Amino acid sequence: MNDRPRYDAGMNAVAVPRTIFDESHDDFRDTVRRFVEREVVPNLERWSEAGRVDRDLFRKAAETGLLGITAPEEFGGGGVEDFRYNAIIIEEFAGAGATDVSMSIDGENDLVAPYFIAFGTDEQNERWLAPMLAGEKIGAIAMTEPGAGSDLASLTTTARPDGDEFVLNGAKTFISNGLLADFVIVAARTDPEAGRKGISLLVVDTDTPGFTRSGPLKKIGLFAQDTAELSFADVRVPRANVLGGEGEGWKNMRRNLPIERLSIAVTSMARMRATFEQALAYATERHAFGQRIADFQANRFYLAELATEIEVTQAFIDRCIVDASGHQLDEVTAAMAKWWTTEL
């Protein structure tokens, strides 16, 4: 995935280096690629049947340096604020056909860790972030609800203040890492009368009384991705578990939207390129053996059009990756990238 293929008149691929990466990124890509070949590909079928990966995968990923690259070193992170490394992880997993496994690792890197990095106190980061980056604990984030979907403004999960605690009630669905998680960042209404300003983020340990989960949820794809439904019935959560301040949840969730959207775009880009290469190789091989696929010439025109769209899209995604690495990616541009790549 480090090279961008271009094609001659016969639809033969010619590798062209992607200029956004340097030698350190290339070395990291080699490390990730070997990890995927060694630890992921041989287990894909078994994990797909189980509906989740092994917990041990997170420990091995941590030992290889794949978790928390942008997190502070004092909590076990890499201390490198460069999204290009995150993108490399996504590309190598997705390019190998392990998109569902990528979402387990990427879920911690791009969805969970950023909230602790930006808003966590030292005590919170020692309690949850550090063990997550060491592969000892698994984290998840719970926003989507059965009745409201991903419309955060309509969420109905409540956290009623009660002294030094909140009493949490509600349900969340389609939660990645939901079955394996040791803790979950939960978006809930701590002040039902305050609208968006009444939403807070609470960290809930999954062994807390009143917390239950079910799954894995049946999906039409991404079978190895641990996806669950979570329920909260009078779950008592200490006020000290509020992440980023009471009433700040809506604003804080929007802050990480660009990275979350770009992660999906990079994933889609990597799968698109890998699938195209497989289709092109198949069509070329069949034609070489005289077995026409309808009209090879027409298909070659179609493949050429797709190659053009992929080339243009990769340039756009690479620009977004660079912008994200410099904290310049805005949520609108990230939304464009997510929409365009998933549609294509």
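Each value in this text was obtained by applying a stated rule to the coordinates, not by laboratory testing. It should be emphasised that the depicted structure is a prediction, and the values quoted were computed from it without experimental measurement. All Cβ positions, glycine included, derive from the backbone under ideal geometry; neighbour counts span all protein chains shown.
Can you list the residues, at least 5 places off or on another chain, whose amide H is less than 5 Å from the amide H of residue 155, using H built in the peptide plane?
Here the answer is none, since no amide H 5 or more places off falls under 5 Å of that of residue 155.
Using label points projected 7 Å from each Cα along Cα→Cβ, tell me how many nm separate residue 148 and residue 212, to one decimal.
About 2.2 nm separates the two model spin labels.
May I ask which residue of 67, 299, 259 lies farthest towards the positive end of the charge dipole of the chain, with charges of +1 (Lys, Arg) and -1 (Asp, Glu) on Cβ and the Cα centre as origin?
Farthest towards the positive end: 299.
Quick one: which residues, 5+ away or cross-chain, put their amide H under 5 Å from the amide H of residue 206? H built at 1.01 Å from N.
183, 184
Find how much the distance from residue 134 to residue 37 grows on full extension, using 0.36 nm per residue of separation minus their present alpha carbon separation; answer in nm with one decimal. Numbers along the way, then the final one.
Numbers: separation 97, 0.36 × 97 = 34.92 nm, distance 2.15 nm.
That works out to 32.8 nm of additional length.
Run the numbers for residue 220 and residue 123: contour at 0.36 nm per residue of separation, minus the present Cα-Cα distance, in nm.
On the way: separation 97, 0.36 × 97 = 34.92 nm, distance 4.02 nm.
The span from residue 220 to residue 123 would gain 30.9 nm if fully extended.
Taking the chain as the reference, fit the longest principal axis to its C-alpha atoms, fit the long axis of helix 296-325 to the helix C-alpha atoms, and give the angle between the two in degrees, 0 to 90, nearest 10.
40
Rounded to whole Å, give me the distance from the Cα center of the stretch 101-140 to that of the stretch 300-344.
27
Calculate one ³J(HN,Hα) per residue across the stretch 30-44 by plugging θ = phi - 60° into the Karplus curve 6.51 cos²θ - 1.76 cosθ + 1.60, and present them in order as whole Hz with x for glycine and proline.
4, 5, 5, 4, 5, 4, 4, 5, 8, 9, 10, 3, x, 9, 4
Which whole-Hz ³J(HN,Hα) couplings does the stretch 192-198 yield from phi under the Karplus relation 6.51 cos²θ - 1.76 cosθ + 1.60, θ = phi - 60°, glycine and proline marked x?
Result, ordered by residue: x, 8, 9, x, 5, 7, x Hz.
Rounded to whole Å, give me the distance from the Cα center of the stretch 259-279 to that of the stretch 178-242.
What the calculation gives is 28 Å, centre to centre.
Under 21 Å Cα to Cα from residue 197, which lysines show up? Leave out anything in the same chain fewer than 8 places away.
172, 251
Would you mind checking the tilt of helix 331-343 against the longest principal axis of the Cα atoms of the chain, expressed as 0 to 90 degrees and rounded to 10?
50
Looking only at the chain, where both bridge partners belong to it, what percent of the DSSP beta bridges are antiparallel (to the nearest 5)?
Expressed as a percentage, antiparallel bridges in the chain total about 85.
Treating the angle as unsigned and between 0 and 90°, give the value, to the nearest 10°, between the Cα long axis of helix 83-95 and the longest Cα principal axis of the chain.
Helix 83-95 sits at roughly 60 degrees to that axis.
Using θ = phi - 60° and the Karplus relation 6.51 cos²θ - 1.76 cosθ + 1.60, list the HN-Hα couplings for the stretch 74-81 in order, rounded to whole Hz, with x at every Gly or Pro.
In residue order, the calculated couplings are 5, 10, x, x, x, x, 10, 8 Hz.
Rounded to the nearest 20 debye, what is the charge dipole size of the stretch 140-253 about its Cα centre when +1 sits on each Lys and Arg Cβ and -1 on each Asp and Glu Cβ? Before the final figure, lay out the partial values.
On the way: 11 positive and 15 negative charges, 75 e Å.
Roughly 360 debye for the stretch 140-253.
Top mean-square fluctuation among 332, 167, 53, Gaussian network model of the chain, C-alpha springs under 10 Å?
Among 332, 167, 53, the largest GNM mean-square fluctuation belongs to 332.
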